[in-house]
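Engineer: Here it is: the structure, laid out below.
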Amino acid sequence: MNGTPDMFTAALQMIASLGVVLAAILLLLYGIRKLTNRRMVAAGGKRIEVLESHYLGVKKTISMVRVPGKVLVLGISGDRINLLDTLDEDIVRQETPPAATTSFGPMLSDRLKKIGNGFKRKEDL
């Protein structure tokens, strides 16, 4: 039995090897993320921004997309994207209120609070 490795030692070696591999993967992902962030900053940040999207039907939306100097109104379906209109960026900036939040997070949070208030606990009955 002296020739066979101890199972405990083999398990420790396997766990240590797995830890080294996982650490290497995490370091690579961190480096790639830093590199892409630097390229984004060097390029001037986001150049294309989706201002609003409205769902029309199955795989059909209409979206307002800001590109430098213009705002594009796009019709998007499952297999194509059509340019519906081109707007000046100044006109769109005047029409949109600055305090309007179109983020999905606050809307979801409010909806969950309303749903949660509708349920009663056993102790309350």
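The values are calculated or read from the model by the stated rules, or taken from the named source; none is laboratory data. Please read all numbers here as calculations on a predicted model, not as lab measurements. Neighbour counts run over all protein chains shown; Cβ positions are idealised from the backbone, glycine included. SASA here: full protein model, heavy atoms, side chains in, ligands and nucleic acids out. Shrake-Rupley method; radii C 1.70, N 1.55, O 1.52, S 1.80 Å.
Engineer: Which residues' amide hydrogens lie under 5 Å from the amide hydrogen of E52, considering only partners 5 or more residues apart or on another chain, with H built in the peptide plane?
Structural biologist: Long-range HN contacts for E52: M64.
Engineer: Once neighbouring chains are kept in place and the probe is 1.4 Å, which whole percent of the accessible area of the stretch 43-87 is contributed by carbon and sulfur? If you can, show how the numbers build up before the last one.
Structural biologist: On the way: 1900 of 3320 Å².
Answer for the stretch 43-87 is 57 percent, counting heavy atoms of protein chains only.
Engineer: What does the net charge come to around K59 if you take all other residues with beta carbon closer than 13 Å to its beta carbon, with K and R at +1 and D and E at -1?
Structural biologist: In short, +1.
Engineer: Can you tell me how much longer the chain between I15 and Y30 gets when fully stretched, taken as 0.36 nm per residue apart minus their C-alpha distance, in nm with one decimal?
Structural biologist: 3.2 nm
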